[in-house]
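Report on the structure given below.
The values are calculated or read from the model by the stated rules, or taken from the named source; none is laboratory data. Everything numeric in this text was worked out from a predicted model, so none of it was measured. We place every Cβ from the backbone using ideal geometry, glycine too, and count neighbours over all the protein chains shown. Just so you know, the surface numbers come from the protein's heavy atoms only, side chains and all, with ligands and any DNA or RNA stripped out. Shrake-Rupley method; radii C 1.70, N 1.55, O 1.52, S 1.80 Å.
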Amino acid sequence: MTHGILKKYWGYDNFRGIQEEIIKDLLAGKDVLGLMPTGGGKSICFQVPALAMEGVCVVISPLIALMKDQVENLKRRHIRSAAIYSGMSHQTVLQTLENAVYGGLKILYVSPERLESDLFIAKLSHMNVSFFTVDEAHCICQWGYDFRPSYLNISKVRKIHPKAPVLALTATAPPAVADDIQEKLLFVEKNCKGMSFRRDNISYIVELAEDKLIALMNILNETPGSAIVYVSSREKTTQVAEILRQAGITAEAYNAGLTDIHRDVRQKKWTDDRARVMVATNAFGMGIDKADVRVVVHIDVPTSIEAYFQEAGRAGRDGQPAKAILLVSAKDKSVLRRKIETKYPEEEYIKKIYELVCCFYEIGEGYGESFSAIFDIEKFCRAYGEFPVVVESALSILNNAGYLMYNNGRDSLSRVRFIVNRDDLYEMPELPESLGTMMQALLRNYTGLFTSYVSIMEERLEEQTALSADEVYASLLELSRRGVIRYIPKSKKPLITFSIDRVRDVDFFLPDSCHKTLKERFTERVDAVISYISNNMECRSAQLLRYFGENNTNACLQCDVCRKKGDISLRDTNGMRRHILKKLSDGKLHHISELFVPESGKHELMDEIKSMLSEELIVSKGPMLTMKRRNK
């Protein structure tokens, strides 16, 4: 049945890799975690069984652009699908949910934040859910490299549909993270299906470069085609892109500080080959659909193998030769070490910053709960002789520990808290209709409003109330003026709000889950990166694969280590012959240059090709080689 669906809607005769194994488990009602590298065909794993099973498949994905793209592709195949995302009108959201409830959809995409909506949860309880799909599932791991708090809500939907299996998908999960994903998603029993992360067409290279910009220029001049250059800061994206443009290389900058429109325009220019190079932070990543990227260059060393591997894996998705080059200077190891203490300073330092912030606002012990003010970090650091980056890290940890809420203003959301208790709401004098509607929308869409500040999106309230943006803002301000709520509008300036009264010095405590455990995991990830850039004796591909639990892998024969030392296995005839046969095993024509061997092995390669041609094991068409077809 599934093969028929695959052929009918996608035109493929057979599944690839572990796709069929995953689909069989879902059809049998089993939870399954699929570890599949970028380009491994993840979407087939849930789209095919969604058509084979009764009900609607609910796909939880963090990427609006990817949701829209997949829905458009599915509709072109006449598959009933839809997505719910911010910016949609309330009526459209309601209509889409009703459609899912009454069987009008086979696949419904939602963001993890949508799971906080009372409306969505209410409608979900009436849906016939075939199974849940969790894309980018590594985001649920609290000590992972890309944790997103909203993912923790996913386990709640399992309680609404306990019999619906869960398919979790990710391209980056070492064994410990894979175990944590299954635990957080409440798998009935552990069930992890993995395919090799090996990418034979990518040359992983670590290059020593004291002047990284000169090295980057050389790489781009030597490697034609589309490129991605990753840097560590928003400012650096602009600087490097401008330097490239001055050198005559078309380049765009991409980071989270840009508006959605600017990001979309720049990404389209790059996708359409009107800009050759995209200089980006890690904000440029998931959902990038460009197969012909010939080189990915990291100017700054990432703090985790997971991040590096995923970003490097955006090269060569078309299967053609590509490079992933990590530029390293003599000081990078010490820079990485400093990042550990910068991101997770000692507990005593965090405690000190808490005390100083209290002094900064003149808040005494036993006071301060709900106090909120703009935080002038430069003034604070001048007053107490501190460094802004470390202070921000300390404030972030204090935020996670529940002492205060810190918003740096870069990705600001408004916040609301009810001052009156729930029972008092019913005894209040009658409010104007618009204010009553606003209160109902707040209570319907957000939880925890009576105990703490909750981040809200005015755009969602516009959908729910049919009020304009100005009317939503005015209603929230009026409810705040009447003493019903406290409303903190979003601001581009850093903001601090005390979650609880100031505690005594002796009562200050940081849970391990907010500091010690996170610091240990971060240190482990940094150590793994340092080991990778330091190990010049072992194949780069083998090092990366071992990190993801794949052992006993053959040397790639194309990374900087393999090319430098040559590979002993190629020195003997059998080893070289196995290498050639493996490369040509798909029966397609391959250029000799695709056989990837170190310079020191080129003579042996050509000798073996001549020998295999004379034995009629392979045939040539000019510089192209293929396996000789056997008559049956």
Item to check | the stretch 281-331 versus the stretch 192-206: alpha-carbon centroid distance in Å | outcome: 12
Checklist entry - Looking at the stretch 173-245, which trypsin sites (Lys or Arg not before Pro) are DSSP coil and have at most 14 other C-beta atoms within 10 Å of their C-beta? => result K190
Checklist entry - Across bins of 10 angstrom width beginning at 0, how are the C-alpha pair distances of the stretch 166-252 distributed, in whole percent? => result 12, 31, 20, 22, 14, 1
Checklist entry - Working out 0.36 nm times the residue gap between D292 and K490, then minus their Cα-Cα distance, what length gain in nm do you get to one decimal? => result 67.3 nm
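With r as the distance between the Cβ atoms of R76 and D273 and R0 = 22 Å, compute the FRET efficiency 1/(1 + (r/R0)^6) and round to 0.05.
0.40
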Checklist entry - Hey, can you rank 392-405, 580-593, 248-261 by average C-beta count inside 10 Å, highest first? => result 392-405, 248-261, 580-593
Checklist entry - Over the stretch 125-242, what is the relative contact order in whole percent, taking alpha-carbon pairs under 8 Å and six or more residues apart? => result 22
Checklist entry - So in the chain, what percent of DSSP beta bridges are antiparallel if you round to the nearest 5? => result 30
Next on the checklist: Using alpha carbons only, how many angstrom separate the centre of the stretch 481-551 from the centre of the stretch 131-169?
Outcome noted: 19
Item to check | Whole-number percent relative contact order across the chain, with pairs defined as alpha carbons under 8 Å at least 6 apart | outcome: 13
Item to check | Area projected by the alpha carbon convex hull of the stretch 338-466, averaged over all directions, nm² | outcome: 10.3
Checklist entry - In vacuo Debye scattering of the stretch 55-199, one point per C-alpha: log10 I(q)/I(0) at q = 0.13 Å⁻¹? => result -0.58
Checklist outcome for this item: Cross-link reach from K24 to aspartates and glutamates, straight Cα distance under 18 Å and at least 8 residues apart if same chain, gives D13, E54, E189
Checklist entry - Which lysines does K352 reach when only Cα atoms under 25 Å apart count, and residues fewer than 8 places away in its own chain are ignored? => result K339, K343, K379, K493, K516, K519
Checklist entry - Using the Cβ atoms and a cut-off under 12 Å, what net charge is assigned to the surroundings of T497, where Lys and Arg are +1 and Asp and Glu are -1? => result +2
Checklist entry - Accessible area per residue, 1.4 Å probe, Å², for the chain: what's the number? => result 47
Item to check | From the C-alpha gyration tensor of the stretch 248-310, square roots of 5λ in Å | outcome: 19, 14, 12
Checklist outcome for this item: Under the helix-only model (-39500 (n - 2.57) for each DSSP H run of 4 or more, divided by the residues of the chain), the mean residue ellipticity at 222 nm, to 500 deg cm²/dmol, is -12000 deg cm²/dmol
Checklist outcome for this item: Bounding extents of the chain in its principal axis frame from Cα atoms, largest first in Å, are 96, 62, 47
Checklist outcome for this item: Mean separation of Cα contacts under 8 Å (at least 6 apart) over the residue count of the stretch 69-179, i.e. the relative contact order in percent, is 23
Checklist entry - All other residues with a Cβ under 14 Å from the Cβ of E98 taken together, and with Lys, Arg as +1 and Asp, Glu as -1, what is their net charge? => result +2
Checklist entry - Between L581 and M537, what FRET efficiency follows from the Cβ-Cβ distance if R0 is 35 Å, with the result rounded to 0.05? => result 0.80
Item to check | Space enclosed by the convex hull of the alpha-carbon atoms of the stretch 109-149, per residue, Å³ | outcome: 78
Checklist entry - Tell me, in nm to one decimal, what length is gained between K7 and M457 on full extension, where the rule is 0.36 nm per residue of separation less the Cα-Cα distance? => result 157.7 nm
